[in-house]
Amino acid sequence: MKKLLPVALLLPLFTGCTSLGWIESVIGIKPAATPYGPFSEERRLIWDVCREVLADEGYTFANIKRDEWEMETRWFSYGSDFRFENHRYRITITLEDDDNPRWTKVMILAEHERNSGENPLDASEDAWSAEGADEDVQDLLAYKIKTNINRKRDIYTETYRRLDAEDRRKAPPPDYGDTNR
């Protein structure tokens, strides 16, 4: 029984039963990404929209794996002029197949860290601590991605309708009849 006690105490760390961000960061585990969608649009269109949304939000890219449909940003800080009040986020977006191969899920992970440094004027005393995934930021990004996908789809649809209407207004080609006589 005494040998099982340490295992029982450490079990929650390895089974994911805890939501404490600092434990996940010490172990080196990233929080789970949240799925959004599925979207029926072309995967390339969804990829381009995700990149545009992140760039519009001020993020720069640290790692882009186009063949794996995954992008990760650098840490981007928010907060006041005092270092100890800063928050920073790193976004990871992955496009995955849904059960239906014509649909795509957008997996979004917004890792959140808080600076708890004691001296706001000395950068060497920065003490970033993991706060886990920020679901509000994930939901906001998913909303912006969905809105921009709809906007781009509407632009393509309207352009197609306009060109189709122009083609219908044109006179039909002349009918020369049977030319095999």
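Between Thr34 and Lys152, how many nm apart are label points set 7 Å from Cα along the C-beta direction?
2.2
Please tell me which of these pairs span more than 29 angstrom C-alpha to C-alpha: Lys144/Lys170; Lys65/Lys152; Lys65/Lys146? Mind showing how you got there, number by number?
Working: Lys144/Lys170 39 Å; Lys65/Lys152 23 Å; Lys65/Lys146 22 Å.
Over 29 Å apart, Cα to Cα: Lys144/Lys170.
Taking 0.36 nm per intervening residue step and subtracting the Cα-Cα distance, what contour gain separates His87 from Asn180 on full extension?
Numbers: separation 93, 0.36 × 93 = 33.48 nm, distance 7.86 nm.
Here the answer is 25.6 nm.
Sort the following peptides by mean Cβ neighbour count (other Cβ atoms within 10 Å, averaged over residues), highest first: 60-68, 135-143.
Numbers: 60-68: 10.2, 135-143: 16.1.
The most tightly packed comes first, giving 135-143, 60-68.
Working out 0.36 nm times the residue gap between Arg114 and Trp128, then minus their Cα-Cα distance, what length gain in nm do you get to one decimal? Let's see the in-between values first.
Details: separation 14, 0.36 × 14 = 5.04 nm, distance 0.54 nm.
Length difference between fully extended and current span is 4.5 nm.
Quickly work out the Arg74-to-Arg162 label distance, labels modelled 7 Å from Cα along the C-beta direction, and quote it in nm with one decimal.
Going by the 7 Å Cα→Cβ label model, 3.8 nm.
Give me the one-decimal nm value for the distance between modelled label points at Lys65 and Asn100, 7 Å along each residue's Cα-to-Cβ direction.
2.8
Order these peptides, 157-164, 52-59, 103-110, by their mean beta-carbon neighbour count within 10 angstrom, highest first. The partial results should precede the final answer.
Numbers: 157-164: 10.0, 52-59: 15.5, 103-110: 20.2.
My ranking of the peptides, most packed first, is 103-110, 52-59, 157-164.
A short reminder: the numbers here are calculations on the coordinates, not readings from a lab. Everything quoted here is computed from the prediction, not taken from an experiment. Positions of Cβ are backbone-derived with ideal geometry, glycine not excepted, and every protein chain shown enters the neighbour counts.
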